[in-house]
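Structure first, commentary second.
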Amino acid sequence: GQQLNQSPQSMFIQEGEDVSMNCTSSSIFNTWLWYKQDPGEGPVLLIALYKAGELTSNGRLTAQFGITRKDSFLNISASIPSDVGIYFCAGRQETSGSRLTFGEGTQLTVNP
Amino acid sequence: EPEVTQTPSHQVTQMGQEVILRCVPISNHLYFYWYRQILGQKVEFLVSFYNNEISEKSEIFDDQFSVERPDGSNFTLKIRSTKLEDSAMYFCASSEKIGQSSNQPQHFGDGTRLSIL
């Protein structure tokens, strides 16, 4: 099946630092979504992207839909302790109906 | 803000037993999904459901699994004869519809942790 390669697998940063993570695939996606998951909870939608080249912000979060439609990145600026969690990219392909394919996740730790 | 709700939050079941996981999608949503997440792994698609029928399913969703919308608000996942490897978090999600509109992503519930003994 489709694979999304998400990196890095984990990050340990100091409060106030900026963070960047990305997802790549060998396949074309027509939708990219970024979710955050806290322990014991479900994924919470952060940003949705629907057009190649689209750059969208949500507060301190910015995500972009890659021009090639095979990648996306998420940036978090000025990190705070509550940014701790696992961040997942998810993509939907035109040929795969409505199913989302998830990346492996990036575990973010923010040290105060 | 409307949310997807799932019950129970934790289900412990003996291997071989049937289990039903329940979900109440967001009320004006038309598309419903089940995903699972084995501990420490990524979220995996199981099945999507629209207009009272399965619209897509993954290779994980074999004959042991079934879904149903028994009434206007609930959406259930049944596992007929559970196996040890069915232990996972099961997430329900819903969306208003699929397509290119920016307001139609999938929203997830908090999941049911299924433990098979």
Any idea what the dipole of segment B:48-88 comes to, in debye rounded to 20, about its Cα centre with Lys/Arg Cβ at +1 and Asp/Glu Cβ at -1?
140
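Exposure proxy check: B:27, A:57 ranked by fewest other beta carbons within 10 Å? Provide the component values of the computation, followed by the final result.
Working: B:27 9, A:57 12.
Exposure proxy ranking, most exposed first: B:27, A:57.
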Do you know the relative contact order of chain B, to the nearest whole percent, from alpha carbon pairs under 8 angstrom that are 6+ apart?
38
Taking beta carbons within 10 Å but only from partner chains, what does the mean come to for residues A:38-44?
6
Quick one: what do you get for segment A:7-109 if you divide its Cα Rg by 2.2 N^0.38 Å?
1.02
Mind counting lysine pairs for me in the protein assembly as shown? Cα separation below 21 Å, and the two need to be 8 or more apart along the chain or on different chains.
10
Using a 7 Å offset from the Cα along the Cα-to-Cβ direction at both residue A:95 and residue A:60, what is the distance between the two label points in nm, to one decimal?
4.0
At 7 Å along Cα-to-Cβ for each site, give me the label-to-label distance between residue B:55 and residue B:71 in nm.
2.5
Counted charge near residue A:99, where neighbours are those whose Cβ lies closer than 15 Å (Asp, Glu -1; Lys, Arg +1):
+1
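Take every Cα pair under 8 Å in segment A:2-112 that's 6+ residues apart, average their separations, divide by the length, and report that relative contact order as a whole percent.
On the way: 289 pairs, mean separation 41.0, N = 111.
About 37 percent, as a whole number.
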Listed highest first by mean packing, meaning other Cβ atoms within 10 Å per residue, what order do A:87-93, A:34-40, B:42-48, B:65-71 come in?
A:87-93, B:42-48, A:34-40, B:65-71
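The numbers here are math on the coordinates, done by the rules we state, and not lab data. These numbers were taken from a predicted model, which means no experiment stands behind them. Methodologically, a virtual Cβ is constructed for each residue, glycine included, from the backbone with ideal geometry; neighbour enumeration extends over all protein chains shown.
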